[in-house]
Structures are given as structure tokens and as C-alpha cells.
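A.B. asks: Before anything else, here's the structure in question.
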């Protein structure tokens, strides 16, 4: 089968689902045939996806816009990005964000950052044991030898 036959089958199926005029069907066959021929020859360029808004303006103070679907969130979750077939790192790379840029609105990112600073996770939380409570390494062995 050549590209014209494939295009005719596609248009037949489409015409069975929705009403089409004869001109519309002919135009659809021609455009599909040309497209299939370009793909077969390797001349077709992959379709480029346009973002719903400027990636620089997608992260707002109280919301973030998903550039794939245009929905707004407080945080772009991993689960939502998987619905588009992306990982958070893949999303950042695709739309030109830095690797460590948070995929959440500025307000949420700032609150999270402040909470982490208050928690001071980089400091030790437990008390150091006193030297008096803990016997010295060498003295405990010596005491057992004397007995």
C-alpha cells in the first residue's frame, strides 16, 4: 500500500465518525498523503510544541502554570508531570529551567525555604555525652587486667 491508500483509509474512517463534505474529504486525503510521503522519505520535521505562556512568567507568586497543558497549580507534582510523560528533571530541561529550580510558586518555595532554615537540619540536635560518664578507652582495659 502506498501513502494514498493509507490516507484514503484514514479519511474513510473519519467520515464514518463525523459528517464531511466532498471538498473537505479531498483536502484531507491530499494533506494526509503529502504528510505520509514526507514521513516515509524522512523529510518530516518533528512537531514543535509551543508553551501555553512564556516559561519565564510561568512561575508566579501564588501559582505556577504547567507549560504542557496550561493548568495552574501551587506545585507541579511528579504525578502530574508523569501524565505528560515527563519527569521533573525532564520538564526543567525541556523548558529551560535550572536543574535545582523548584517547580512550585514563589510563595510556597519561600515558605519551604524559611521552614528549613528554622529547623536548622545542618546542626546536631542531640547533646554530646559528658567525658565523665564515658570511661576512657585505655583505662577500662587496664582495670580488668589488675583484677
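A.B. asks: Confirm whether residue 107 is surrounded by fewer than 13 Cβ atoms within 10 Å (Cβ to Cβ) and either modelled with pLDDT under 90 or part of a helix (DSSP H, G or I) (or both).
C.D. replies: Criteria not met by residue 107.
A.B. asks: Go through segment 1-58 and give me each residue that's assigned to a helix (DSSP H, G or I) and within 30 Å of residue 103 (Cβ to Cβ).
C.D. replies: Residues satisfying the conditions are 55, 56, 57, 58.
A.B. asks: Starting from residues that are out of contact with any helix residue (DSSP H, G or I) (no Cβ under 8 Å at 6 or more places or on another chain) and not in a loop (DSSP other than H, G, I, E, B), keep the ones in segment 59-83 and report whichever is farthest from residue 111 (Cα to Cα).
C.D. replies: Among those residues, the one meeting the criterion is 83.
The values are calculated or read from the model by the stated rules, or taken from the named source; none is laboratory data. What you see is a predicted model; the values in this text were computed from it and never measured. Glycine gets a Cβ as well: all are built from the backbone with ideal geometry, and neighbour counts include every protein chain shown.
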